Structure formats: structure tokens, C-alpha cells
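Contents: one structure, followed by commentary.
The values are calculated or read from the model by the stated rules, or taken from the named source; none is laboratory data. All values reported here derive from a predicted model rather than from experimental measurement. Here the Cβ positions follow ideal geometry from the backbone for every residue, glycine too, while neighbour counts run over all protein chains shown.
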């Protein structure tokens, strides 16, 4: 892991551009963005490298610049449950800065070579006091995460493993797409299975069944969706 606090003008420009495209920072004025960039740090990670660990003190929120991260919890027996997969230009660990406990509830590690912008939590909270828009933005972000978690509980309790996997694939397809659609998996199948709370054997059976039914084809890390209409019907399958 390498951490850079003295950034080049090009790096600062990239940080400013990416911050302005996010929900949390896009509503802030230019002076506030410049203030954040003047304090921002850049961390580079190799594939498989841990960024922060579960229960480590939480002093920053983050924006993934490039790459792919997984957030996971480790049980007492050593098993892992993937909580989220973070893609480039998405923020994470926002809600933790408002917690009295101030600890990361998950471990973050890189699924590929990655770069992460780190924003000092205390500095960000100071800026929030001067921006009503930013306060509403982070409130909206946290609320959306809550709705997503409620929807996930529904999927886990009411829908089959296959329907959960199909729903995941369809979120990766462009809206309004028709015909054959190619979805590239940005994480290993075992990681995606953990994220969807599917055991590996069930995940493999779901892939095989969907392939036999002519709904998709598997080409290494690429999934070719052959019948979007039929796949959408799978998302309504319920546990019986």
C-alpha cells in the first residue's frame, strides 16, 4: 500500500473532477471542493491488498478512483460474508463518520489494482455545517443505502438463489437493452456468490440451469444474456 499526500496538479484535477461527479460532493461549491482537495490523500493498492480492517478506527470516508473493492465481514470461525462490491467513482464508509463508535464495521480489500481518495471525516463534517445542500445529499445517500438493505432482506427471505443471481446480472445490463447483452463480471464468481448469500455449489447449479435453458452463456468472466424477457421473469421467483 502506498499513500500520497503531496499530489501533483494533475492528480488534484482528477480528484476535483471525480468528487464533483458524486452525490455527496457534487452539490458543494467550488471553494469547498478545493478545500477538500487540499487535504485529500491518495492510496494505491495491489490486487488482494487490505485497505482497512473490521473494527479499525474510522477517521475517513472514501471515493474509489479506479479499480474494484470488496467490503466484507469476518465471522469468528474465519468465514467471510461480502457486504458490498465497490466500483470506481463510488463513495463508501459515509455513514460510519456519524457513528458514536467510529469503527469500520467491515474490512475493505482490493479485487484489482485500485486507487482510493481518502477524505478526512472531521474536516468533511466541518464543511457540512456550512452547506445545507451537502447535508441533504449525505442524508439522501444514507437513506438510499437503508432502502437497499431492506430490499436485500426481502430478496434473501423471499426469492430463490437463481432469481437473486439473475437480478444481479440484470442490474449490469444497460437500461432498455434488447437482444444479446454481454455482462462482464468485475469480481470472481465466488465473491459474487458471497455477496448474494449463495453457496458456491448452488451458484454453479444456477449457472448450469440457466445455460441449459438457453437464457445465458458463460465465457470465463463474461456472461452473455440471451433472453432478457425470460430472465426478467426469473426475478419474481419466490422461495417455496
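See the values below:
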{"quantity": "Among (1) modelled with pLDDT of 85 or more; (2) closer than 25 Å to residue 22 by Cβ, the one test that residue 189 misses", "calculated": "(2)"}
{"quantity": "Flag if residue 63 is touching a helix residue (DSSP H, G or I) at 6+ places or on another chain (Cβ under 7 Å), surrounded by 12 or more Cβ atoms within 10 Å (Cβ to Cβ) and assigned to a strand (DSSP E or B)", "calculated": "yes"}
{"quantity": "Candidate set from segment 34-57 (those that are outside any helix (DSSP H, G or I) and crowded, with 19+ Cβ neighbours inside 10 Å); member that is farthest from the chain's Cα centre (by Cα)", "calculated": "40"}
{"quantity": "Residue among 42, 24 that is modelled with pLDDT of 95 or more and touching a strand residue (DSSP E or B) at 6+ places or on another chain (Cβ under 6 Å)", "calculated": "42"}
{"quantity": "Qualifying residue in segment 21-33 (condition: more than 22 Å from residue 98 (Cα to Cα) and in a helix (DSSP H, G or I))", "calculated": "yes"}
{"quantity": "Check on residue 126, under 30 Å from residue 45 (Cα atoms), at pLDDT 85 or above, exposed (fewer than 15 other Cβ atoms within 10 Å of the Cβ) and not assigned by TED's automatic domain parsing to the domain that holds residue 203", "calculated": "yes"}
{"quantity": "Members of segment 148-172 found to be surrounded by fewer than 16 Cβ atoms within 10 Å (Cβ to Cβ) and either at pLDDT 85 or above or touching a strand residue (DSSP E or B) at 6+ places or on another chain (Cβ under 7 Å) (or both), listed by number", "calculated": "158, 171, 172"}
{"quantity": "Selection count, segment 218-240, where residues are free of Cβ contacts under 8 Å to residues at least 24 places away in the same chain and within 26 Å of residue 88 (Cα to Cα)", "calculated": "3"}
{"quantity": "Residue check, residue 220 touching a strand residue (DSSP E or B) at 6+ places or on another chain (Cβ under 8 Å) and surrounded by fewer than 17 Cβ atoms within 10 Å (Cβ to Cβ)", "calculated": "no"}
{"quantity": "Answer from 82, 106, 96 - the residue that is farther than 24 Å from residue 3 by Cβ and either surrounded by 15 or more Cβ atoms within 10 Å (Cβ to Cβ) or touching a helix residue (DSSP H, G or I) at 6+ places or on another chain (Cβ under 6 Å) (or both)", "calculated": "82"}
{"quantity": "Qualifying residue in segment 208-217 (condition: under 20 Å from residue 110 (Cα atoms) and either modelled with pLDDT of 90 or more or out of contact with any strand residue (DSSP E or B) (no Cβ under 7 Å at 6 or more places or on another chain) (or both))", "calculated": "no"}
